[in-house]
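A short write-up of the structure that comes next.
The values are calculated or read from the model by the stated rules, or taken from the named source; none is laboratory data. If you're wondering where the values come from, they're calculated on a predicted model, not measured in any experiment. Positions of Cβ are generated from backbone atoms using ideal geometry, with glycine treated the same way; all protein chains shown enter the neighbour counts. Protein only, heavy atoms only, side chains kept; ligands, DNA and RNA dropped before computing areas. Shrake-Rupley method; radii C 1.70, N 1.55, O 1.52, S 1.80 Å.
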Amino acid sequence: MKIEEGVALSGFTTIGTGGPARAFAAPKSLAELEQALEWARRHGLPVATVGLGSNLLVADGGVEMLVLKLGGELAAAAVDGELLVAGGGAPNAVCLHRARAAALGGLEFACAIPGTTGGGVWMNAGAYGSDWSGILARAFVVTAEGSGWLTPQELGLSYRHSELRHGQVVARVEFRLSPRPELEIRTVVADLQARRKATQPTNKRTFGSVFKNPEHELGAGAMLEACGLKGHRVGGAVISSRHANFIENADGATTADCLALMREARRRARERFGVELVHEVELLGPVELS
Ligand SMILES: Cc1cc2nc3c(=O)[nH]c(=O)nc-3n(C[C@H](O)[C@H](O)[C@H](O)COP(=O)(O)OP(=O)(O)OC[C@H]3O[C@@H](n4cnc5c(N)ncnc54)[C@H](O)[C@@H]3O)c2cc1C
């Protein structure tokens with residue numbers, strides 16, 4: 001396994017922004033993952049793992065970290081009885097495909113979440129009333145100090161939140177699914193995807209929801225729309241005219257452009273609704289929001 005320097009992280013985020021990683025490695029097995037963590041420990045570098053970068057804003061100036069991207073057996077998925085056993089780097093789409101082929105239901109809600117199983121654990125990804133905490137049996141978490149299986153309770157999963165910290169790598173997950181006819185899974189998935197397409201900018205470069213929904217009668221998107229933010233642009237980044245809780249990379253956006261839009265959105269939501277919006281997107285590196 002190579003440890004490379006200066007790999008541009010813009011190639012690893014769906015929004016397409018972000019500077020270089022001080023060091024970058026793509027471990028393909030548990031042994032390689034442990035080697036990478038040991039290398040970082042010896043060099044005194046903190047570690048962060050990226051999945052599909054679909055909920056990630058990385059500092060334009062880069063990050064002084066070892067950034068890991070799981071591959072090989074750490075990104076594979078297979079069915080074992082009614083369990084789906086997957087690497088932490090396995091894309092949700094692959095997991096859903098395997099589950100459907102084995103006529104196992106439970107993962108359908110993840111059809112419109114373009115991430116990995118590990119990224120999903122990190123923030124208890126969810127949609128349409130379901131989330132990771134409802135299907136996750138346990139996750140195998142590896143650190144430089146040791147590794148072990150953790151339950152959803154031990155991971156502290158709540159609304160778009162876990163207690164995981166950088167340096168803790170979700171290397172494997174087990175999802176508990178249940179029998180469902182393949183055709184029924186296909187029909188549900190097609191319906192959910194059509195609903196997504198009708199309301200969200202699914203064909204643009206974004207990082208998913210910018211802010212968590214506040215405890216308010218309006219969701220974050222409706223609130224920002226009411227603030228007149230649809231179409232608001234800073235540099236190459238624009239607030240989606242389809243859904244105001246999305247930022248699109250319209251043309252050469254930077255993370256700084258996205259952050260400027262986020263600050264403006266928070267300011268207007270505070271002034272108009274007295275609500276302090278909390279970002280859902282994960283920030284990596286020296287990134288200042290307030
Ligand atoms: C069009 C679009 C629609 C979306 N819709 C939804 C939705 O409906 N619901 C929803 O919840 N999210 C949604 N998202 C956001 C995103 O897809 C999810 O948050 C997803 O779970 C992130 O997974 P990822 O693998 O891309 O993680 P990344 O974005 O790569 O990383 C997110 C965080 O997880 C950490 N992480 C990633 N992998 C690991 C690992 N193996 N071990 C430890 N830490 C790790 C990273 O360090 C980072 O802090 C959407 C995004 C897009 C672009």
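Computed from backbone phi with θ = phi - 60° and the Karplus coefficients 6.51, -1.76 and 1.60, the 3J(HN,Hα) list for the stretch 232-237 is 5, 10, 10, x, x, 10 Hz; x is used for glycine and proline.
Less than 30 Å apart at the alpha-carbon level, and either on another chain or at least 8 residues along: which lysines does that give for residue 69? Within the straight-line cut-off, residue 69 pairs with 2, 28, 197, 204, 212.
For an R0 of 41 angstrom, estimate the FRET efficiency from the Cβ-Cβ distance between residue 194 and residue 145 and round to the nearest 0.05.
Calculated value: 0.35.
Between residue 178 and residue 8, the modelled labels are 4.8 nm apart [label points 7 Å from Cα along Cα→Cβ].
Once all protein chains are placed together, residue 80 keeps about 100 Å² accessible to a 1.4 angstrom probe. When only alpha carbons of the chain are considered, Rg and Dmax amount to 18.9, 53 Å. Mean sequence separation of contacting Cα pairs (under 8 Å, at least six apart), scaled by the length of the stretch 103-164, corresponds to a relative contact order of 31 percent. Classify the stretch 161-205: rounded, prolate or oblate, from the alpha-carbon gyration tensor (a ≥ b ≥ c, eigenvalue square roots; a/c under 1.5 rounded; otherwise prolate if a/b is larger than b/c)? Since a/c reaches 1.5 but b/c is at least a/b, the shape of the stretch 161-205 is classed as oblate. Measuring between their Cα centroids, the stretch 8-48 and the stretch 51-119 lie 17 Å from each other. In plain terms, the chain from residue 42 to residue 272 could stretch by 77.8 nm, reckoned as 0.36 nm per residue minus the Cα-Cα distance.
Would you work out if the stretch 101-167 is rounded, prolate or oblate? Take a ≥ b ≥ c from the square roots of the eigenvalues of the alpha-carbon gyration tensor; rounded if a/c is under 1.5, else prolate when a/b is larger than b/c, oblate otherwise. Because a/c hits 1.5 or more and a/b exceeds b/c, the stretch 101-167 counts as prolate. For the chain, the share of DSSP beta bridges that are antiparallel, to the nearest 5, is 75%. Take each peptide in 239-250, 100-111, count the other Cβ atoms within 10 Å of every residue, and average; sorted highest first, the result is 239-250, 100-111. Note: the stretch 34-81, Cα convex hull, 107 Å³ per residue.
Note down the relative contact order for the stretch 1-150 as a percent, whole number, built from C-alpha pairs under 8 angstrom at least six residues apart. Could you put the intermediate results ahead of the total?
Working: 288 pairs, mean separation 28.4, N = 150.
It comes to 19 percent, rounded to a whole number.
A dipole drawn for the stretch 129-262 from +1 and -1 charges on Cβ atoms has a positive end, and of 140, 169, 234 the residue lying farthest that way is 234.
Local charge sum around residue 104 (other residues, Cβ-Cβ under 9 Å, Lys/Arg +1, Asp/Glu -1)? Local charge sum for residue 104: +2. Where both bridge residues fall in the stretch 1-142, DSSP classifies roughly 55% of the beta bridges as antiparallel. Other residues whose C-beta falls under 15 angstrom from the C-beta of residue 22 contribute a net charge of 0, scoring Lys and Arg +1 and Asp and Glu -1. Take residue 159: with every protein chain present and a 1.4 Å probe, its accessible area is about 110 Å². Here the contact order of the stretch 148-290, divided by its residue count and restricted to Cα pairs under 8 Å and six or more residues apart, works out to 20 percent. Both radii were evaluated on the Cα set of the stretch 52-197; the Rg over Rh quotient, with Rh as the Kirkwood radius, amounts to 0.97. Relative to one another, the C-alpha centroids of the stretch 232-271 and the stretch 131-190 are positioned 31 Å apart. The alpha-carbon atoms of the stretch 66-130 define a convex hull whose volume equals 81 cubic angstrom per residue.
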